[in-house]
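The values are calculated or read from the model by the stated rules, or taken from the named source; none is laboratory data. Everything quoted here is computed from the prediction, not taken from an experiment. Virtual Cβ from ideal backbone geometry, glycine too; neighbours counted across all protein chains shown. The accessibility values were calculated without ligands, DNA or RNA, using every heavy atom of the protein model including side chains. Shrake-Rupley method; radii C 1.70, N 1.55, O 1.52, S 1.80 Å.
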Amino acid sequence: MAGSRMKLELSRVVQGRGRLGVLKELGKTGQHSLEVPGCLLHTHLGTVPHLTQETLQTLSNLPSVTQLTLSNIAEHQEVLEEFKDGFRTFAGLHDAVFYCSLHDPATPCLTGYTTNKTVSVWGSGGRIELTVAKFMALQKAVQPDWYQSMADGETWQNNTSRKRVRKSVDRTLAHLDECLLVHQNSQELEGVEVFGVVEGGDFLEERVRSGRETAKRPVAGFCLDGLQTGSMDQALRTQLITAVTKELPEDKPRLLQGVGRPDEVLACVEAGVDLFESFFPFQVTERGCALCFSFDTSPDPELAGRAAPAVLELDGERDTSGETQQNGDLNPDDQSRMTSFEINLKDKRYKDDFRPLVEGCGCYCCKNHQRVYLHHLLVTNELLAGVLLMIHNTAHYHAFFAALREALANDKLEVLKRRVLGERGRQMEINKTDKSE
Amino acid sequence: MAATTECGADVNTSENNMSVMKALSAASPLTLRVVAECPVTKARACDLILPHCAVSTPVFMPVGTQGTLKGITVDQLEGLGCEICLGNTYHLGMRPGPDLIEKANGLHGFMNWKRNLLTDSGGFQMVSLVELSEVTEEGVKFKSPYDGEEILLSPEKSISIQNSLGSDIMMQLDDVVSSTVSGPRVEEAMHRSVRWLDRCIAANKNPDKQNLFAIIQGGLDAELRQACLDEMTQRDVPGFAIGGLSGGEEKDDFWRMVTLSTDHLPREKPRYLMGVGYAVDLVVCVALGCDMFDCVFPTRTARFGSALVPWGSLQVKHKQYAKDFQPIDPDCPCPTCKRHSRAYLHALFKSDTAAMHYITIHNIAYQLTLMRSVRRSIVDGCFPEFIRTFMKRMFPSRDQYPGWAVDALASVDVTLD
Ligand SMILES: [Zn+2]
Ligand SMILES: [Zn+2]
């Protein structure tokens, strides 16, 4: 595609063990890069939830690609068209690389509004119906670096029929062709990359067909849609992703939509996924929780001893309801429920806990504040609670991805998995014991 | 310039220091250096040295009710140049409670704020909880809104909590009467406030680390105010607040009570006008001789999208700003104005709380910048000119100047053109 510059350089590919590499030459001048497996920066209209630019900049090693969603932006189309210089300048984020997706992964989408010619997004003022023409007009107004092509993703609910799934694959391919046609004739979109969307629900042959057909089009990368947390169990998800990625070219990135839990991320990386959306730390923040799972793979007992206590000391602290993880894996409402990777700071046990959220964490929150203060901010409904939790959760989540890449580079994925999943298993044991008491 | 300045000749410094120190209690952890006095009005610029750092006055103190400033981190607050902020004894005494805050090394440690803190007595909240409270000589009795338990806030209890909070400036418990009430209740409250001041002074466990301010009461009655001033200025306290105002009284009464108070307060001690924070009120009351101010307004109004500007305020959420691509105030040096436009903030209000934080930062910056400009003009000897320019910018025309402000300024020889 004209102006396409983004390059994926894979340094390691182990079948069934993930891909390690760097997406290079990103951004208008090509000076940015993004390591994979990695994730995008989740935002509301270019702003990481709760964080002003100053607080965001206390975080180092943030992903170089920021995710925007049309569900936030569509209602501002007229403003952006009048502004003319694109969203980057509009938001005052002059150095950002933007990826524009259709929906916000943190907000479950209502179904039943997709037609042959349109998809709908929900903004602050309600539903906005997008035709390909309007969708592309929005992309011209936003001027992102990459965008997700228009897609019919209404197949994530259980019991979606094969007929409906086939329709979704066909529509999505038709949308892609139309988008590409407009794209190629738009000067404003020169150098902008299009990601094709792979649908197919939980039907293997539809997944494969969708992947194969999309790969024939001039796209820069692939969005894997309809596999989000709550839509299916991980075994099925792994199976589908493995089958689809076989159909996709090696040299183009695969972005998985709607999956963010560390255990699911690990499994999906092994199935061949490169990129994720970082909405998970935001969801954790919104329920007043802090990520605290360990991802330290250091064999050095001293080093391990330094990083581990935060988690080891958590024995029995993780879970407050006593039954957060046992069920709900298949429940779409699961998204709002606490997982075993976090602690609930609203819980009384933290009312006089003078430790940082995670011992040894270098984030602004952990360096400056204690659990007792976070607990106070949460019970008094203070806005700073969201700010501080978001800082920590963002730092923790991106550090997990860094550890994941390091583990892939050093053949330590098994150690990392044991660390991340083993704890989860162990935690479930503890919860069971708690309950039986 | 008529001002006695400490930053003038070096030889005088230690001498002046001595005289200041002598006027204060020997152990008082507070020093006030008058840097400049306006030759026309009663305004002064001072360096107020408190345990955690020096404060340049006139100063506006943002209010962090629950040990946090509305979504702003302590680093951001420090970055804006804030040298002192407020915490509320009533709220913090309820949650998380004085014992816990003491364990956290006081409110400073609890919220990790390195600069100065001022705490109120907790009494003011009783005005809003008046149905729940009963005032006796012993103290204020009220029902806890959390568990319904009856609680007595006595002068001793208030100081004990504030000692646990470890604030740099504590306020005495006063008998608060709404400024719209008149009659014998006001007189009773004034006398009781004097008696409570003595009990507060006696109860202060940390006079070497924590300054206790008296609060001048007396409602809108000049004779009662005068009597209260006579009594309280005889006490050896490091500073004075002017209380019982800013509660819905006529502005004509308000400024007369302020100027009466500053006329009789000692020059070498700080004067804190409680609950005042609108820009015009700040400028006028500095001219009347006040040094310190606090108000929830700038941070509260920010959360509703109201940005303070030299020409009044700007409602960021209003439709007219959807396509307005300028900063809130092109001359404002704050991080919000340096990066974001009115249009972006307008849009962001629909998507994320960070929009509120951006306006909060701007509004605090506005208040602090205003006070720094006021101070500069006092030091430069051109405060009256500053006032005239300020009023011209704030009001579209002369006939929109509030009458009370014109009168108040005339009383200190500033005529507006
Ligand atoms: Zn942290
Ligand atoms: Zn500003």
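Residues A:LEU388, A:LEU378: which one is open to solvent by 10 Å² or more (accessible area, probe 1.4 Å) and more than 7 Å from every other protein chain (Cβ to nearest Cβ)?
Details: A:LEU388 fails: open to solvent by 10 Å² or more (accessible area, probe 1.4 Å).
Going through A:LEU388, A:LEU378 in turn, the sole match is A:LEU378.
Consider region B:40-55. How many of its residues are surrounded by fewer than 18 Cβ atoms within 10 Å (Cβ to Cβ) and among the small types (Gly, Ala, Ser)?
Of the residues in region B:40-55, 1 are surrounded by fewer than 18 Cβ atoms within 10 Å (Cβ to Cβ) and among the small types (Gly, Ala, Ser).
Take residues that are within 26 Å of A:HIS396 (Cβ to Cβ) and tell me which of the helices (runs of 4 or more DSSP H) falling wholly in region A:183-292 contain 1 or more. Walk me through it before giving the result.
Working: elements: A:204-215, A:234-247, A:262-270, A:280-286.
Once the helices (runs of 4 or more DSSP H) in region A:183-292 are filtered for at least 1 residues that are within 26 Å of A:HIS396 (Cβ to Cβ), what remains is A:234-247, A:262-270, A:280-286.
Condition check ((1) among the basic types (Lys, Arg); (2) over 23 Å from the mean Cα position of the chain (by Cα)) across all residues:
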{"residue": "B:ILE151", "(1), (2)": "no, yes"}
{"residue": "B:SER164", "(1), (2)": "no, no"}
{"residue": "B:SER179", "(1), (2)": "no, no"}
{"residue": "B:ARG185", "(1), (2)": "yes, yes"}
{"residue": "B:GLU188", "(1), (2)": "no, yes"}
{"residue": "B:TRP196", "(1), (2)": "no, no"}
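Can you pull out every residue in region B:321-340 that is over 30 Å from the mean Cα position of the chain (by Cα) and more than 7 Å from chain A (Cβ to nearest Cβ)?
Start the filter on region B:321-340 by keeping residues that are over 30 Å from the mean Cα position of the chain (by Cα), which leaves B:321-326.
Hits for region B:321-340 are B:TYR321, B:ASP324, B:GLN326.
Yes/no per residue for (1) more than 16 Å from ligand 2 (Cβ to nearest atom); (2) in a helix (DSSP H, G or I); (3) modelled with pLDDT under 95; (4) within 24 Å of A:ASP274 (Cα to Cα):
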| residue | (1), (2), (3), (4) |
| --- | --- |
| A:ARG349 | yes, yes, no, no |
| A:PHE354 | yes, no, no, no |
| A:CYS361 | yes, no, no, no |
| A:ALA385 | yes, yes, no, no |
| A:PHE401 | yes, yes, no, yes |
| A:GLU423 | yes, yes, yes, no |
| A:ILE430 | yes, yes, yes, no |
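Testing A:ALA96 on (1) within 19 Å of B:SER341 (Cα to Cα); (2) modelled with pLDDT of 95 or more; (3) among the aliphatic types (A, V, I, L, M), one condition comes back false. Which one is that?
Condition not satisfied by A:ALA96: (2).
Among the residues in region B:362-369, are any surrounded by fewer than 16 Cβ atoms within 10 Å (Cβ to Cβ) and either touching a residue at least 40 places away in the same chain (Cβ under 8 Å) or more than 14 Å from chain A (Cβ to nearest Cβ) (or both)? Walk me through how you get there before you give the answer.
Looking only at region B:362-369, we keep the residues that are surrounded by fewer than 16 Cβ atoms within 10 Å (Cβ to Cβ), and these are none.
No.
Mind listing just one residue for me: the one in region B:109-121 that is away from every other protein chain (no Cβ under 12 Å) and open to solvent by 10 Å² or more (accessible area, probe 1.4 Å) and, of those, modelled with the lowest pLDDT?
Initial filter on region B:109-121 (away from every other protein chain (no Cβ under 12 Å)): B:115-121.
Then drop every residue that is not open to solvent by 10 Å² or more (accessible area, probe 1.4 Å), which leaves B:115, B:120.
Numbers: B:ARG115: 98, B:ASP120: 95.
Among those that are away from every other protein chain (no Cβ under 12 Å) and open to solvent by 10 Å² or more (accessible area, probe 1.4 Å), it is B:ASP120.
Taking region A:104-124 as the region of interest, how many residues are open to solvent by less than 60 Å² (accessible area, probe 1.4 Å) and within 14 Å of chain B (Cβ to nearest Cβ)? Break it down stepwise before answering.
From region A:104-124, those open to solvent by less than 60 Å² (accessible area, probe 1.4 Å) are A:104-106, A:109, A:111, A:114-115, A:118-121, A:123; that's our starting set.
Checking which are within 14 Å of chain B (Cβ to nearest Cβ) leaves us with A:104, A:106, A:121, A:123.
Looking only at that region, the number is 4.
Residues of region A:53-92 being surrounded by fewer than 18 Cβ atoms within 10 Å (Cβ to Cβ), at the interface with chain B (Cβ under 9 Å from one of its Cβ atoms) and closer than 25 Å to A:GLY126 by Cα, which ones?
A:GLU78, A:GLU82
Could you list, in sequence order, all residues of region A:31-52 that are out of contact with any Phe, Trp or Tyr (no Cβ under 9 Å at 6 or more places or on another chain), open to solvent by 20 Å² or more (accessible area, probe 1.4 Å) and not in a strand (DSSP E or B)?
The answer is A:GLN31, and nothing else.
Does region B:281-302 contain any residue that is open to solvent by 10 Å² or more (accessible area, probe 1.4 Å), basic (Lys, Arg), within 23 Å of B:GLN66 (Cα to Cα) and touching a Leu at 6+ places or on another chain (Cβ under 9 Å)?
No, there is no match, as no residue in region B:281-302 is open to solvent by 10 Å² or more (accessible area, probe 1.4 Å), basic (Lys, Arg), within 23 Å of B:GLN66 (Cα to Cα) and touching a Leu at 6+ places or on another chain (Cβ under 9 Å).
So which residues in region B:218-241 are part of a loop (DSSP other than H, G, I, E, B) and open to solvent by 20 Å² or more (accessible area, probe 1.4 Å)? Quick ask: steps written out before the conclusion?
Let us first name the residues in region B:218-241 that are part of a loop (DSSP other than H, G, I, E, B), namely B:218-221, B:233-238.
Within region B:218-241, B:LEU220, B:ASP221, B:THR233, B:GLN234, B:ARG235, B:ASP236 meet the criteria.
Determine which member of the set B:PHE395, B:PHE383 is buried (at least 16 other Cβ atoms within 10 Å of the Cβ), free of Cβ contacts under 8 Å to residues at least 40 places away in the same chain and away from ligand 1 (no atom under 16 Å from the Cβ).
Working: B:PHE383 fails: free of Cβ contacts under 8 Å to residues at least 40 places away in the same chain.
That would be B:PHE395, the only listed residue that is buried (at least 16 other Cβ atoms within 10 Å of the Cβ), free of Cβ contacts under 8 Å to residues at least 40 places away in the same chain and away from ligand 1 (no atom under 16 Å from the Cβ).
Tally the residues that are of a type in the set (Ser, Thr, Tyr) and either in contact (Cβ under 8 Å) with a residue 40 or more places away in the chain or touching a Lys or Arg at 6+ places or on another chain (Cβ under 6 Å) (or both), restricting the search to region B:69-89. Walk me through how you get there before you give the answer.
First pass over region B:69-89, keeping only residues of a type in the set (Ser, Thr, Tyr): B:73, B:89.
Then drop every residue that is not either in contact (Cβ under 8 Å) with a residue 40 or more places away in the chain or touching a Lys or Arg at 6+ places or on another chain (Cβ under 6 Å) (or both), which leaves B:89.
Here the count works out to 1.
Please go through region B:24-39 and pick out each residue that is modelled with pLDDT of 95 or more and open to solvent by 30 Å² or more (accessible area, probe 1.4 Å).
Going through region B:24-39, the residues modelled with pLDDT of 95 or more turn out to be B:30-39.
B:ARG33, B:GLU37, B:PRO39, listed by residue number.
Inspect all residues belonging to region A:329-344 and state whether any of them is assigned to a loop (DSSP other than H, G, I, E, B) and either within 16 Å of ligand 1 (Cβ to nearest atom) or modelled with pLDDT of 95 or more (or both).
Yes - at least one qualifying residue is present in region A:329-344.
If a residue counts only when it is more than 13 Å from ligand 2 (Cβ to nearest atom), which helices (runs of 4 or more DSSP H) contained entirely in region B:280-382 have at least 1 such residues?
Details: elements: B:297-302, B:335-339, B:342-348, B:354-379.
It comes to B:297-302, B:342-348, B:354-379.
Take the residues in region A:167-183 that are in contact (Cβ under 8 Å) with a residue 24 or more places away in the chain, closer than 12 Å to A:ASN116 by Cβ and of a type in the set (D, E, K, R); name whichever of them is surrounded by the fewest Cβ atoms within 10 Å (Cβ to Cβ).
Result: A:GLU178.
Residue under question is B:PRO266, and the condition is that it be in a loop (DSSP other than H, G, I, E, B) and open to solvent by 60 Å² or more (accessible area, probe 1.4 Å); does it hold? Explain how you work it out, then say what you get.
Numbers: in a loop (DSSP other than H, G, I, E, B): yes; open to solvent by 60 Å² or more (accessible area, probe 1.4 Å): no.
Here the answer is no, as B:PRO266 does not meet what is asked.
Starting from region A:356-381, keep only residues that are closer than 15 Å to A:THR58 by Cβ, then list their pairs with residues that are open to solvent by 10 Å² or more (accessible area, probe 1.4 Å) and more than 9 Å from ligand 1 (Cβ to nearest atom) whose Cβ atoms are within a distance under 7 Å, requiring at least 6 positions of separation or different chains.
Pairs found: A:PRO356/A:GLN370; A:CYS363/A:LEU59; A:TYR364/A:THR58; A:ASN368/B:ASN112; A:HIS369/B:ASN112.
Tell me, yes or no, whether region A:145-159 has at least one residue that is of a type in the set (Val, Ile, Thr) and at pLDDT 95 or above.
First, the residues of region A:145-159 that are of a type in the set (Val, Ile, Thr): A:155.
Checking the rest, the ones that are also at pLDDT 95 or above come to none.
Within region A:145-159, none of the residues are of a type in the set (Val, Ile, Thr) and at pLDDT 95 or above.
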